[in-house]
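Colleague: Here it is, the structure, as structure tokens.
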Amino acid sequence: MDITNRNFYRLLRSGAFGDHQELEPMSKFKWSRVLQLAEAQDVAIYIAHGIESHRNDPALEVFAQMEGELAPYAGKPLPDVIATTLAIMKAEPKPSNVFLRHRLKNIIKKDDASDDTSIETQQLLRIIIHNVNETLTRGISLRGIVEMGRFLRQRGDRVDYVKLEHWLHQLGFARLASLLGSILIRIFGFTIDEIPFMQKEEAGATSLARRSLENNAEDTAEDWHFRMRTNGMVQNNSRVLRRNLGRSVRYLRYNPFETTSNFMANFARSLAEIEE
């Protein structure tokens, strides 16, 4: 991991979880890269809080010349965990696979009708599904990982992990959930005791997170898949198609059915939203 990524993750850990780590001096160009990564990953608010907590760090001397770029986030509070969770619940993230969607519906319906309904367990399940959707569609979302980590730290003691683990196995999401948990451990300093639903640490977690971080800015720069040409023919963006196919291949082993269904659903959606 290069110095830019190391400082980025240290600021993110500090801003999101209060984990203070010493920064390394960098050039103005590299600090600009940190801000670019923060915007691309939608974590600028956490980076701003991380900068504030390192206010007296000598490594930020060069960054002081660029501080105005974080002005929109200055003084703003961190996102409220409950409000963020309710927003995810309202969106009702679902698997792409039609059979898994049906299974999820039955899981929620059965839990709502039971005597030991667990709202927090349902919330964490939706947060995991939200992260899975983001991961398979655009690569690992650090914003989503941070939100999951903050939920675990603030509301995790209310979760029925035996029930959650059973649901994850029913949906085939156990390895994907373990991958997300492994990122919290390897990058954000969580302990395995804080993530009881994990089966095991996934060896590829750090490299997948790094790849998503490096590719995210490029992904957002040119995200069209199909475009209608002036002669009426449909033009395919082969670069984006190859990138999405490559991403699907990387995550195939974690859940073949959902990964394939997600790729096909995104492909079909792209055809339906052809740009002229």
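The values are calculated or read from the model by the stated rules, or taken from the named source; none is laboratory data. Everything numeric here is computed off the predicted structure, so don't read it as measured data. Here Cβ is always computed from backbone atoms with ideal geometry, including for glycine, and neighbour counts include all displayed protein chains. Note: areas computed on protein heavy atoms with side chains; ligands, DNA, RNA excluded. Shrake-Rupley method; radii C 1.70, N 1.55, O 1.52, S 1.80 Å.
Colleague: Which residue pairs have Cβ atoms under 8 Å apart, sit 6 or more places apart or on different chains, and have a first residue in region 15-39 that is of a type in the set (S, T, Y) and a second that is surrounded by fewer than 17 Cβ atoms within 10 Å (Cβ to Cβ)?
Modeller: Every condition considered, the pairs that remain are S27/V62; S32/M66.
Colleague: Check off (1) of a type outside the set (S, T, Y); (2) farther than 30 Å from F263 by Cα; (3) not in a loop (DSSP other than H, G, I, E, B) for P25 and give me the number that stays unchecked.
Modeller: With respect to (1) of a type outside the set (S, T, Y); (2) farther than 30 Å from F263 by Cα; (3) not in a loop (DSSP other than H, G, I, E, B), P25 is out only on (3).
Colleague: Considering I140, I127, which residue is surrounded by 18 or more Cβ atoms within 10 Å (Cβ to Cβ) and under 15 Å from A91 (Cβ atoms)?
Modeller: Within the list I140, I127, the selection yields I127.
Colleague: Which ones in region 147-160 are under 21 Å from the mean Cα position of the chain (by Cα) and open to solvent by 40 Å² or more (accessible area, probe 1.4 Å)?
Modeller: R153, Q154, R155
Colleague: Whether any residue in region 169-181 is more than 16 Å from the chain's Cα centre (by Cα) and either open to solvent by 70 Å² or more (accessible area, probe 1.4 Å) or modelled with pLDDT under 75 (or both) is what I want to check.
Modeller: yes
Colleague: Out of (1) buried (at least 19 other Cβ atoms within 10 Å of the Cβ); (2) in contact with a Leu (Cβ under 8 Å, 6 or more places away or on another chain); (3) within 28 Å of R153 (Cα to Cα), what's the single condition that is false for L100?
Modeller: Unmet for L100, out of (1) buried (at least 19 other Cβ atoms within 10 Å of the Cβ); (2) in contact with a Leu (Cβ under 8 Å, 6 or more places away or on another chain); (3) within 28 Å of R153 (Cα to Cα): (3).
Colleague: Are there any pairs, at least 6 apart or on different chains, whose C-beta atoms fall under 7 Å, with the first in region 133-150 and touching a residue at least 40 places away in the same chain (Cβ under 8 Å) and at positive phi and the second among the hydroxyl-bearing types (S, T, Y) and crowded, with 21+ Cβ neighbours inside 10 Å, and if so, which?
Modeller: Close Cβ pairs (under 7 Å, with a partner that is among the hydroxyl-bearing types (S, T, Y) and crowded, with 21+ Cβ neighbours inside 10 Å) amount to G139/S212.
Colleague: Across region 108-124, which residue is surrounded by the most Cβ atoms within 10 Å (Cβ to Cβ) among those that are within 20 Å of P196 (Cα to Cα) and hydrophobic (A, V, I, L, M, F, W, C)?
Modeller: L124
Colleague: Which members of region 96-126 meet the condition of being in contact (Cβ under 8 Å) with a residue 12 or more places away in the chain and not in a helix (DSSP H, G or I)?
Modeller: Listed by number, the residues that qualify are S96, N97, D116, S118.
Colleague: In region 185-206, what residues are of a type in the set (G, A, S) and outside any loop (DSSP other than H, G, I, E, B)?
Modeller: A205
Colleague: I'm trying to understand the selection: among the residues of region 67-95, which are over 16 Å from I45 (Cα atoms) and part of a loop (DSSP other than H, G, I, E, B)?
Modeller: Within region 67-95, E92, P93, K94, P95 meet the criteria.
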